[in-house]
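In what follows, a single structure is set out as structure tokens and then discussed.
The values are calculated or read from the model by the stated rules, or taken from the named source; none is laboratory data. The model shown is predicted, which means the values in this text are computed figures rather than measured ones. Every residue, glycine as well, gets a Cβ built from its backbone with ideal geometry; the counts of neighbours run over all protein chains shown.
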């Protein structure tokens, strides 16, 4: 190969299920100069970022931190730290990411039980309570928004059910946080994790995580400080977490006042995560969620205005992504490719049973904007027509514009 | 708190044991716009980055990738994927990070055996071979450069010993890669991992990793593709890796031609990691190592010119960091603080037995420069005098300058 030049990505409007185009100010934050690991500015920035994410998650949990990895690093940290080998985990599966939670719990040698609904649906609280009564799990692990189907599982009533049955309640809010209602404390969550690359409008690579006091107790009961920095009087549990990197006890000691050395915090990702939360809270948490709702409704109206059928139970759709049935006779992947090549706009397909059957179109974070919706619909109209579909002239943009008035 | 402003770090010259100030071009790369996960530009950038890191590690290993996490994420991925529970791991410990390798192997439920030398020393090949003969491990896990003591373990002869005894050979080159000789293939390494925040001159948060074909075979023998994307005909081993995030089989399938969805690659960290390798190879791998050697020698001469004693076996010191004994009567932490507050220069202390006894001064990556050496020595001279030490006027800068001519 010729020697590579400095990175110079092509112009892209990322309107898929995520990752999406980051807020410009988040990209600027990523290039801020580094400071040392225990620099007063660094520890102050870590504290500040914790405080910002408490507001993002709507929690008073002291144990609110970042995991240095992608969103599934946050998921694995939560599950591996909260569940001992052999303990029961219940995972209601309504899409691909439910399977992922079950998979991660299986890797942690949990006794995993799943219930399933058809893709495109969500669970009723009573279905979840019935399974809890039957399985008696230590942990309920439930995705909030599963981008594979676009469904958003209502969580409001689940925390109370878990509390009543003595079950820890964890949710993976990667795809939903910041664009859909989320109330960690009011909903009785014991653990929640997310990523930056969806509604938070940043790059993948940092996973915000919050733990209730009850969850912290479980983590602390499995405490083990690593040799090399362990001091006299530091106890070590026999049922320690089977991972050093994901041992939330050590992660909390690093973020907390002891500042015990664990990993070297990923400074640039910290800056980016901080900026994601900052822009969200500056606009206002509810205002951002409302913007996602309004722009998501416009995109929904727009794809219907193009004559496309929407997949799944629309009443339970996330605000920030819509799945549309690829019209008969249209080559789905080739059409997506034309969107990317000719218009610089990315939309997605899906996984498993939905691969090649639906496109997923996202309106998240920075790209939850009217102009992004209009540009995507105008391009999609051209591409659909080119690939042989009959589409109403201007039907997408007009319907979206009307939804926005 | 008042609402936080955009991130605005103070000016810092990071001359500690890492993290260090990043190359300006690496910071610029961090803020490049994002693209989609399967964008042709993204997959081409991943391929290109793999190729660049093959040259950085001096290997032809196809299995050369990034782990999305800090350097210890790379360590855990390597050890957890290569060692089954109950298998023996031998860790020669010559500093804090040897303890870390042992700790991570214990978390993976390996049968961990250690040998130790006094801090400030390294192992002879015969001491390692004796232990291999006695323990008969599956894996030898050996730190190359342990920043806690500044020692650089010679690895040249170890690979041949491991091959003769049928032992897999893994090294953690986090602190050393890019600033010290490193030859993954010529030295017979089966696995090596690193981080960006030392000689590679980038931010923490991405861990380059390379695996020999022999190591890939072990990983593949434990293959398990996660439910949700598993297809008919995909086998699943019973002794699967007890982590989803760190299952190198799945990581390789994501980086490889199958492009099986695993995590969402941390795009900005990928850009940064690519630029770290690019600037290194543009200057020339041997030229960069030689620069670290030359600048490290200058810093060594400089601290001696200030009358400071150097800790450990200097003949086996890494090029990129020196540990100096804090003079009697000087308040070590307060003096470090004065360096930071008054001069904006960070130097480090160390861990365990060396905490408060030595300062560690690094010359890594972008900061392996004459001006950074001179500025640090000039500041240190002032601070030492202020804290009551008798130091030769100009002794540090003069000695460093002479070493550079």
Next item on the list: Take residue A:289 and decide whether it is under 20 Å from residue A:182 (Cβ atoms), touching a strand residue (DSSP E or B) at 6+ places or on another chain (Cβ under 7 Å), assigned to a helix (DSSP H, G or I) and not assigned by TED's automatic domain parsing to the domain that holds residue A:51.
Entry: yes
Notebook entry, point to check: Quick one: which of B:334, B:368, B:338, B:301 is surrounded by 23 or more Cβ atoms within 10 Å (Cβ to Cβ) and modelled with pLDDT of 95 or more?
Noted result: B:368
Margin query: I'd like to check something: does the range B:46-67 contain any residue that is surrounded by fewer than 21 Cβ atoms within 10 Å (Cβ to Cβ), at the interface with chain A (Cβ under 9 Å from one of its Cβ atoms) and within 28 Å of residue B:370 (Cβ to Cβ)?
Written below: no
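Which one of B:85, B:125 is over 23 Å from the mean Cα position of the chain (by Cα) and surrounded by fewer than 18 Cβ atoms within 10 Å (Cβ to Cβ)?
Details: B:125 fails: over 23 Å from the mean Cα position of the chain (by Cα).
Sole residue among the options that is over 23 Å from the mean Cα position of the chain (by Cα) and surrounded by fewer than 18 Cβ atoms within 10 Å (Cβ to Cβ): B:85.
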Next item on the list: Return yes when residue B:353 is surrounded by fewer than 22 Cβ atoms within 10 Å (Cβ to Cβ) and at pLDDT below 95 and no when it is not.
Entry: yes
Item checked: Condition check for residue B:361: under 21 Å from the mean Cα position of the chain (by Cα) and crowded, with 22+ Cβ neighbours inside 10 Å -> yes
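Any chance you could count how many residues in the range B:276-300 are within 11 Å of another protein chain (Cβ to nearest Cβ) and more than 17 Å from residue B:174 (Cα to Cα)?
Quick first cut of the range B:276-300, residues within 11 Å of another protein chain (Cβ to nearest Cβ) only: B:277-279, B:281-282.
Filter once more, so that each one left must be more than 17 Å from residue B:174 (Cα to Cα): B:278-279, B:281-282.
Residues in the range B:276-300 being within 11 Å of another protein chain (Cβ to nearest Cβ) and more than 17 Å from residue B:174 (Cα to Cα): 4 in total.
Can residue A:227 be described as over 18 Å from residue A:70 (Cβ atoms), part of a loop (DSSP other than H, G, I, E, B) and at pLDDT 95 or above?
no
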Note to self: Regarding the range A:132-140, can at least one residue be identified that is farther than 16 Å from residue A:171 by Cα, crowded, with 19+ Cβ neighbours inside 10 Å and in contact (Cβ under 8 Å) with a residue 60 or more places away in the chain?
What the structure shows: no
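In the range A:251-264, is there at least one residue being within 12 Å of chain B (Cβ to nearest Cβ) and part of a helix (DSSP H, G or I)? Outline the logic, then answer.
If we filter the range A:251-264 for residues that are within 12 Å of chain B (Cβ to nearest Cβ), which is where we start, we get A:251, A:254, A:260-264.
Cutting the leftovers down to part of a helix (DSSP H, G or I) gives us A:251, A:254.
Within the range A:251-264, one or more residues are within 12 Å of chain B (Cβ to nearest Cβ) and part of a helix (DSSP H, G or I).
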Next item on the list: Tell me which of these residue A:89 doesn't satisfy, since it passes every other one: (1) more than 27 Å from residue A:264 (Cα to Cα); (2) at the interface with another protein chain (Cβ under 9 Å from one of its Cβ atoms).
Entry: (2)
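Please go through the range A:8-33 and pick out each residue that is within 20 Å of residue B:43 (Cβ to Cβ) and buried (at least 24 other Cβ atoms within 10 Å of the Cβ).
A:14, A:15, A:16, A:17, A:18, A:19, A:20, A:22
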Margin query: Suppose we filter the range B:3-25 for residues that are closer than 18 Å to residue B:276 by Cα, out of contact with any strand residue (DSSP E or B) (no Cβ under 8 Å at 6 or more places or on another chain) and more than 7 Å from chain A (Cβ to nearest Cβ); how many remain?
Written below: 2
Note to self: Regarding the range B:26-42, can at least one residue be identified that is more than 7 Å from chain A (Cβ to nearest Cβ), more than 21 Å from residue A:264 (Cα to Cα), in contact (Cβ under 8 Å) with a residue 12 or more places away in the chain and not in a loop (DSSP other than H, G, I, E, B)?
What the structure shows: yes
